[in-house]
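Novice: Attaching a single structure in structure tokens format; questions to follow.
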Amino acid sequence: MRIAIIGGGVGGTTLAFQLRKQDKEAEIYIIEASEHTEYSPCSMPYTISNEELGLDDIYIFNDEDYANNNIKLIKNTRVEDIFPDKKKLKLRTNSTTSELFYDKLVIATGGHPFIPPIKGLDKVEYSAFTNIDNTKEVLDKLADNKRYAIIGAGFIGVEVAHSLAEKGKTVSLIEAKDSILPSILDKDMAGLIQEHLKEDINIQLEAKIKEIKENLIILDNKTIDYDSLIITTGIRASKDIADKAGIETDKGILIDENGQTSQEDIYALGDCSQLRDAKIQPAQLASVATIQAEALSKTLLGEETEFPKPTNVSITKIRDIFVASVGRNSQQIKDRAISGKYSGKTKEDFIPDAKNISIKILTNMEGRLLGAQIIGEEEVLGRIDVFSLAFQKGMDIYDIANAETAYHPFCAPIFDPMVLAAKNAIRKLEFLKTRKKDH
């Protein structure tokens with residue numbers, strides 16, 4: 001069997017290596033448009049401020065890894081056409097075209113940057129900071145530029161802003177919404193991070209950009225000077241090749257729970273895909289692409305395996321603070337969300353090195369867990385992963401409130417912050433239920 005994979009990013013490469021683990025005979029091809037093997041996009045912002053972490057360090061695999069696993073990696077090559085009826089691809093490498101036949105095809109083309117329609121933006125130079133090549137462009141000019149303007153305060157925008165500020169640069173972070181990290185945090189939780197960042201980053205919220213000129217951004221109430229402009233306003237699914245082939249798409253390539261597209265023997269995963277009729281769409285995260293790849297490898301080899309239910313768990317590090325979320329935030333929940341919050345320490349208060357942690361849980365009138373957000377200086381990853389598992393398994397806030405957690409004064413307080421946040425949510429929920437009965 002020959003399996004062709006379009007795209008050599010996290011999803012495509014993970015799939016190829018998972019396939020090879022399970023089947024030593026299958027022909028596996030990866031067609032990659034760039035010159036790169038798989039690398040870690042999540043690490044790119046930190047190469048700005050961390051002198052011990054270079055772009056060469058963030059590659060996951062080298063050419064020998066593919067060769068040693070008998071995975072045929074075709075770099076610097078684009079797929080120009082898919083012919084589903086003939087199970088054939090038309091490839092282009094520079095000015096040369098070729099054909100590749102397949103038995104099963106996987107589209108893992110990832111995403112491309114969304115560039116907002118701002119007046120004047122098409123006339124100035126900017127970086128989108130979405131791949132290793134434009135990250136290198138930013139690094140190459142780091143010594144020459146002092147003032148940076150970043151449009152978009154999502155994960156990448158905030159991480160880049162923080163890294164540039166650590167290098168002593170003057171940084172302006174411009175966001176159209178009323179808080180940073182708006183896709184993962186509620187405004188009150190985002191405010192905790194903003195307080196730490198505003199000391200050395202000029203944060204402009206609810207900003208309306210009227211026009212961009214060379215080295216000048218014109219807002220409705222002020223102007224911002226810059227030497228270098230970076231756009232981090234989100235990612236859109238790269239689905240053109242599927243559209244051209246007549247494969248059904250919406251915002252992404254439409255797939256079922258097994259990754260199957262509307263065309264037989266053609267699948268998709270990762271940032272380019274969109275689950276049909278899903279209440280919660282998988283986020284464009286490397287972790288999502290990885291677990292989808294593992295499931296799809298089994299399906300391709302004859303063992304139909306559904307993609308795990310997405311929880312969209314994510315985490316980032318800003319200075320010495322970890323920011324994590326799972327599920328949805330308040331703005332993404334259509335029905336009125338009920339929240340429970342707790343702020344305290346990661347260890348007993350009398351332990352000298354106990355760190356701050358804040359947890360917010362979102363639920364509804366039935367007590368269902370809808371989302372959670374954590375901000376803290378330590379012990380954030382393990383707790384958000386607990387919430388992710390609880391979310392995936394359909395646990396409610398009563399389950400979390402009744403959880404038995406380990407205790408040691410140097411590791412955790414007697415009542416875990418997760419449990420206390422859940423108990424606070426239950427108190428609010430029970431009060432609302434009582435008031436509703438009274439009326």
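Novice: For Kirkwood radius over Cα pairs in Å, several values are listed as (i) 29.5; (ii) 21.1; (iii) 23.7; flag the one computed from this structure.
Specialist: (iii)
Novice: Applying the Karplus parametrisation 6.51 cos²θ - 1.76 cosθ + 1.60 with θ = phi - 60° to the phi angles of segment 362-375, what ³J(HN,Hα) value in whole Hz is obtained for each residue in order, glycine and proline being reported as x?
Specialist: Taking θ as phi minus 60°, the curve returns 10, 9, 10, 5, 8, x, 6, 6, 9, x, 8, 9, 9, 10 Hz for segment 362-375.
Novice: Which entries in the list Lys123/Lys210; Lys136/Lys213; Lys146/Lys213 go over 21 Å, if you measure between the two C-alpha atoms of each?
Specialist: Checking Cα-Cα distances, Lys136/Lys213 exceed 21 Å.
Novice: Work out which chymotrypsin sites (Phe, Trp or Tyr not before Pro) in the chain are exposed loop sites (DSSP not H, G, I, E or B, at most 11 other Cβ within 10 Å) and give the longest gap free of them. If you can, show how the numbers build up before the last one.
Specialist: Working: sites that count: Phe350, Phe410.
Here the longest segment lacking exposed loop sites spans 1-349.
Novice: Oh, and also: Take every DSSP beta bridge whose two residues both sit in the chain, then give the antiparallel share in percent to the nearest 5.
Specialist: 60
Novice: Exactly which GluC sites (Glu not before Pro) in segment 5-42 are in a DSSP loop and have at most 16 other Cβ atoms within 10 Å?
Specialist: Glu25, Glu35
Novice: Which residues' amide hydrogens lie under 5 Å from the amide hydrogen of Ser34, considering only partners 5 or more residues apart or on another chain, with H built in the peptide plane?
Specialist: Asn76, Thr77
Novice: May I pose another question? Loop-only check: which trypsin sites (Lys or Arg not before Pro) in segment 7-101 are DSSP coil with at most 13 other Cβ within 10 angstrom?
Specialist: Numbers: sites: Arg20, Lys21, Lys24, Lys72, Lys75, Arg78, Lys86, Lys87, Lys88, Lys90, Arg92; in loops: Lys24, Lys75, Lys86, Lys87.
Passing both the DSSP loop test and the Cβ count: Lys24, Lys86.
Novice: Next up: How tilted is helix 417-438 with respect to the longest principal axis of the chain? Cα atoms for both, answer in degrees (0 to 90, nearest 10).
Specialist: Approximately 70 degrees, to the nearest ten.
Novice: Under 8 Å for C-alpha pairs, at least 6 residues apart: give me the relative contact order for segment 49-102, rounded to a whole percent.
Specialist: In percent, rounded to a whole number, it is 20.
Novice: Determine ³J(HN,Hα), in whole Hz, for all residues of segment 51-68 in sequence, where each value follows from phi through the Karplus function 6.51 cos²θ - 1.76 cosθ + 1.60 and θ = phi - 60°; x replaces Gly and Pro.
Specialist: After applying 6.51 cos²θ - 1.76 cosθ + 1.60, I find 5, 8, 10, x, 4, 5, 7, 9, 6, 8, 10, 10, 4, 5, 4, 5, 4, 5 Hz.
Novice: On a straight-distance basis, which lysines could pair with Lys360 in a cross-link, Cα separation under 17 angstrom, same-chain partners fewer than 8 positions away excluded?
Specialist: List returned: Lys187, Lys341, Lys345, Lys423, Lys428.
Novice: Follow-up. What aspartates and glutamates does Lys437 reach when the alpha-carbon gap must be under 13 Å and sequence neighbours fewer than 8 apart in one chain are set aside?
Specialist: none
Novice: Also, quick follow-up: What do you get for the angle between helix 187-197 and the principal long axis of the chain? Use alpha-carbon atoms, 0 to 90 degrees, nearest ten.
Specialist: Roughly 80 degrees between the two axes.
Novice: Let a ≥ b ≥ c be the square roots of the eigenvalues of the Cα gyration tensor of segment 179-309; is it rounded (a/c under 1.5), or, if not, prolate (a/b larger than b/c) or oblate?
Specialist: Prolate shape, in that a/c is at least 1.5 and a/b is the bigger ratio.
Novice: Does segment 119-176 come out rounded, prolate or oblate, given a ≥ b ≥ c as the square roots of the eigenvalues of its C-alpha gyration tensor, rounded meaning a/c under 1.5 and, failing that, prolate meaning a/b above b/c?
Specialist: rounded
Novice: Around Glu80, with a cut-off of 10 angstrom between Cβ atoms, what is the net charge of the other residues, counting Lys and Arg +1 and Asp and Glu -1?
Specialist: +3
Novice: Considering only DSSP beta bridges where both residues belong to segment 115-231, give the percentage that are antiparallel (nearest 5). Can you show the working numbers first?
Specialist: Working: 7 of 21 bridges.
The answer is about 35 percent antiparallel.
Novice: By its C-alpha gyration tensor, with a ≥ b ≥ c as the square roots of the eigenvalues, how is segment 305-439 shaped: rounded for a/c under 1.5, else prolate for a/b larger than b/c, else oblate? Intermediate values should be presented prior to the final figure.
Specialist: On the way: a/c = 1.83, a/b = 1.29, b/c = 1.42.
Judged from the Cα gyration tensor, segment 305-439 comes out oblate (a/c at least 1.5, b/c at or above a/b).
Novice: Now a separate question. Can you list the residues, at least 5 places off or on another chain, whose amide H is less than 5 Å from the amide H of Lys347, using H built in the peptide plane?
Specialist: HN-HN under 5 Å from Lys347: Lys355.
Novice: What residues qualify as long-range amide H neighbours of Leu216, i.e. H under 5 Å apart, gap of 5 or more or another chain, H built at 1.01 Å from N?
Specialist: Those lying under 5 Å, H to H, from Leu216 are Tyr226.
Novice: Whole-Hz Karplus ³J(HN,Hα) for segment 13-26, in order, using 6.51 cos²θ - 1.76 cosθ + 1.60 and θ = phi - 60°, x for Gly and Pro?
Specialist: Karplus-based 3J(HN,Hα) across segment 13-26 equals 6, 4, 4, 4, 6, 5, 4, 5, 4, 9, 9, 7, 9, 4 Hz.
Novice: Starting from the Cα of Lys90, draw a straight line to each of the aspartates and glutamates and keep only those under 12 Å, dropping any in the same chain fewer than 8 residues away.
Specialist: Glu80, Asp81, Glu99
Where a number appears in this text, it was derived from the coordinates with a stated rule and is not lab data. None of these values were measured; they are calculated from a predicted model. Quick reminder, even Gly has a Cβ in these numbers, built from the backbone with ideal geometry, and neighbours come from all protein chains shown.
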